[in-house]
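The values are calculated or read from the model by the stated rules, or taken from the named source; none is laboratory data. Everything quoted here is computed from the prediction, not taken from an experiment. As a convention, Cβ positions derive from the backbone with ideal geometry for all residues, glycine included, and neighbour counts pool all protein chains shown. When the accessible area is computed, the model is the full protein with side chains, heavy atoms only, and any ligands, DNA or RNA have been set aside. Shrake-Rupley method; radii C 1.70, N 1.55, O 1.52, S 1.80 Å.
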Amino acid sequence: MAPLLLQLAGLGAALLASALILISFVAFITATEMPDLHRHEQEKFFLNARGQKETLPSIWDSPTKQLSVVVPSYNEEKRLPVMMDEALSYLEKRQKQDPTFTYEVIVVDDGSKDQTSEVAFKYCQKYGSDKVRVITLVKNRGKGGAIRMGIFSSRGEKILMADADGATKFPDVEKLEKGLNDLQPWPDQMAIACGSRAHLEKESIAQHKYSFGGLISQPVFIGSILYGRH
């Protein structure tokens, strides 16, 4: 009886291994590149500072900015101005210090029910649509979907995701940039540097569940993160 059970067990293991190999093979030969990002017709455009429609760029185009800042926003009409004022103050100061530095801020309104898009568009009118762009999603996609939409519409060599609540101080992006640069050479031109506020653990626990930052070569983001693409 025991030998028969051992034979059955061996046969079962062999069948399981064969099935896994078959599944892996099918998955490999049917795998495709990252699927195209689905956009509603209205999501293919942004309004320039004059209120005219322009076609959004693609992540697959050659980068024309050093830094893209993606700001996913849902019902953030009250908190967004504080974050935008700090971010643009830093970015403008950095550009004055280094005229070769170029940037864009992409606010992705994730189907908000308030005036988030209108508030963000005021910054587009003030700074110009080459520096500030607003993407208004037809319906709520969730934070991940909003981030992805912004990333796929970015023009930067590096892409920073910044929360609309301004939980992370914007100048800290320089720490992420240093962390990313320290990783060079990047394997396959891809890398990510993540930061945390563990050193502020007591304050963080009292005020926030999490605060997260990261910098990546090729688009990726969590919390407050910076990506780089080459």
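Descriptive notes on the structure:
- Among the numbered conditions (1) open to solvent by less than 80 Å² (accessible area, probe 1.4 Å); (2) touching a strand residue (DSSP E or B) at 6+ places or on another chain (Cβ under 8 Å), the only one that residue 143 does not meet is (1).
- Residue in the stretch 40-67 that is least open to solvent (accessible area, probe 1.4 Å), counting only those that are of a type in the set (Val, Ile, Thr) and in contact (Cβ under 8 Å) with a residue 60 or more places away in the chain: 59
- Conditions (1) in contact with a Cys (Cβ under 8 Å, 6 or more places away or on another chain); (2) loosely packed, with under 11 Cβ neighbours inside 10 Å; number of the one not met by residue 98: (1)
- Top-ranked residue of the stretch 58-80 - restricted to ones that are under 20 Å from residue 101 (Cα atoms) and in a loop (DSSP other than H, G, I, E, B), ranked as nearest to the chain's Cα centre (by Cα): 59
- When residues in the stretch 87-115 are screened for being within 19 Å of the chain's Cα centre (by Cα) and part of a helix (DSSP H, G or I), 3 of them pass.
- Once the stretch 120-134 is narrowed to residues that are in contact with a helix residue (DSSP H, G or I) (Cβ under 9 Å, 6 or more places away or on another chain) and in contact (Cβ under 8 Å) with a residue 24 or more places away in the chain, the residue that is most open to solvent (accessible area, probe 1.4 Å) is 127.
- Within the stretch 160-169, being over 21 Å from residue 117 (Cα atoms) and crowded, with 19+ Cβ neighbours inside 10 Å holds for one residue alone: 168.
- The residues in the stretch 137-160 that are out of contact with any Gly (no Cβ under 8 Å at 6 or more places or on another chain), under 20 Å from residue 84 (Cα atoms) and not in a helix (DSSP H, G or I) can be counted, and the count is 5.
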